[in-house]
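Throughout, read-outs are computed from the coordinates displayed, never taken from laboratory work. Because the structure is predicted, anything quoted here is derived from the model rather than measured. Heads up, the Cβs are rebuilt from the backbone with ideal geometry, glycines too, and the neighbour counts pull from every protein chain shown.
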Amino acid sequence: MHEKRKSDHIRINLEEDVNFHGLTTGLEKYHFLHQALPELDLDQVDTSVTFLGKTLKAPLLISSMTGGTERAQIINRILAEAAEISGIAIGLGSQRAAIEDPSLADTFKMRPIAPTAMLLANLGAVQLNYGYTVEHCRRAVDMIEADALILHVNALQEAVQPEGDTRFSGLLSKIEQVCRVLPVPVIAKEVGWGFSEDAACRLVEAGVAAIDVAGSGGTSWSQVEMHRAQTEIQRRVAATFVDWGIPTSETVLAAKRAAPNIPVIASGGLRNGLDLAKCIALGATLGGMAGPFLKAAVNSLEAVLEQIEIIRTELRIAMFCTGTDSIAALHKTDCLIRKA
């Protein structure tokens, strides 16, 4: 069942229209004030950043996508190798399948391919209400020798899934317990509907080390579930929520207000290095992308490396033309203007 669901997810993301229809990331409402005299050389622009103690060559995360199937393993290996070569971070898909069936663990084991890359383990936070403990979280981390654990929260996706896990009450205290005991940092991640300021605040108080906002405007998982629906009722219910959520630009700002001192990952509909630059100027430390990398990984390792190089070059040019020579300077720039 789980394996079929994961296969469906990959196929639907590649073949169907799973975008928001009316709601956007909000990033198009911002533009940079061009600096004709940047007073620096392009080759002085440094895109490196430190995230949870690890230095990355660019503020970029290949966002969690998949695992638990043969096709997922091939995709993950290509993405992990690309992350290693490029010096960026990679998050794996939910490891629940491999916790429940250890024979699937190899579809996630990317450390041999990416010995120095920042690797993020991943479990659904709601599983803590279905018998999962700190020990299961530790197993997910150990399975892939991860640098940190993503706990993803996906209330809407679970609610529109016929087989969804929807017991979300009392979850925060269990997340807090994991944050307290786990030997690696915990990252709280939405999956495409964003965090409000209040939700981000509560997660920081619970002890998360970073927040991946995964706002609205990119892939809509209610649309993905609509394509998986087995009945007309399920299909229509999922379709209603096509434009639900907090746009990426708004949730980045909300998370920074709630958590000025912890890193925020901006994801949800980022498609290029200019989107990434805008998110960093809004306060994010990293930007995460899934869709562009999934489509590239199906082609080849070279296609993924090319995609990363394009994003990084676009980011460097945006920094150069705003006179910012480092990610820290881009954070503080006053060149990002919200259009009237």
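Rounded to whole numbers, the Karplus 3J(HN,Hα) couplings from phi for the range 130-140 are 10, x, 6, 10, 4, 4, 4, 4, 5, 5, 4 Hz, using 6.51 cos²θ - 1.76 cosθ + 1.60 with θ = phi - 60°, and x at Gly and Pro. Using a simple spin-label model with pseudo-atoms 7 Å out from Cα toward Cβ, D8 and Q35 lie 5.0 nm apart. For the chain, the longest principal axis of the alpha carbon atoms and the long axis of helix 2-15 meet at an angle near 40°. The chymotrypsin sites (Phe, Trp or Tyr not before Pro) of the range 89-190 that meet both conditions, a loop assignment by DSSP and at most 16 other Cβ atoms within 10 Å of the site Cβ, are Y130, F168. Our coupling estimate for the range 170-179, obtained by passing each phi through the Karplus curve with A = 6.51, B = -1.76, C = 1.60 and θ = phi - 60°, is x, 6, 4, 5, 6, 4, 4, 4, 4, 4 Hz, Gly and Pro reported as x. Put in order of Cβ neighbour count within 10 Å, fewest first, the listed residues H331, H31, H21, H152 become H21, H31, H331, H152. For GluC sites (Glu not before Pro), the sites in the range 85-172 that DSSP calls loop and that have at most 12 other Cβ atoms within 10 Å are E163. Taking the alpha-carbon centroid of each part, what is the distance from the range 51-93 to the range 214-248 in angstrom? Centre-to-centre distance over Cα atoms comes out at 25 Å.
Cross-link partners among aspartates and glutamates for K109, C-alpha distance below 20 Å, same-chain residues fewer than 8 apart left out? Partners within reach: E3, E70, E81, E84, E100, D101, E135, D142, E145, D147.
Remark: C137, C335 ranked as C335, C137, counting other beta-carbon atoms within 10 Å and listing the fewest first.
Computed from phi, the 3J(HN,Hα) profile of the range 16-32 under the Karplus parametrisation 6.51, -1.76, 1.60 (θ = phi - 60°) reads 10, 7, 10, 8, 5, 8, x, 6, 10, 5, x, 5, 5, 7, 10, 9, 8 Hz, with x in place of Gly and Pro.
For M65, the residues whose amide H sits under 5 Å from its own are G93, ignoring neighbours fewer than 5 places away on the same chain, with H placed 1.01 Å from N. Based on Cα contacts under 8 Å between residues 6+ apart, the chain shows a relative contact order of 24 percent. Computed on the range 6-74, with alpha-carbon pairs under 8 angstrom and 6+ residues apart, the relative contact order is 37 percent. Expressed to the nearest 5 percent, the antiparallel share of DSSP beta bridges inside the chain is 20 percent.
Multiplying the residue separation of E163 and S196 by 0.36 nm and subtracting their alpha-carbon distance yields 9.2 nm. Can you tally the net charge around I78? Count Lys and Arg as +1, Asp and Glu as -1, for every other residue whose Cβ sits under 13 Å from the Cβ of I78. Neighbour charge sum, excluding I78 itself: -1. Cβ crowding within 10 Å, taken as a proxy for footprinting-reagent exposure, orders I85, I62, I233, I12 from fewest neighbours to most as I233, I85, I12, I62. In this structure, the pairs whose alpha-carbon distance is over 23 Å, taken from K278/K339; K29/K332; K6/K54; K256/K339, are K6/K54.
Here the range 171-217 is treated as a sphere whose radius is the Kirkwood value from Cα pairs; by Stokes-Einstein at 4 °C and 1.567 mPa s it diffuses with a coefficient of 119 µm²/s. Of the trypsin sites (Lys or Arg not before Pro) found in the range 239-300, not one falls in a DSSP loop while having at most 13 other beta-carbon atoms within 10 Å. A simple charge model with +1 on the Cβ of Lys and Arg, -1 on the Cβ of Asp and Glu and nothing else charged puts the dipole of the range 2-338 at about 480 debye relative to its Cα centre.
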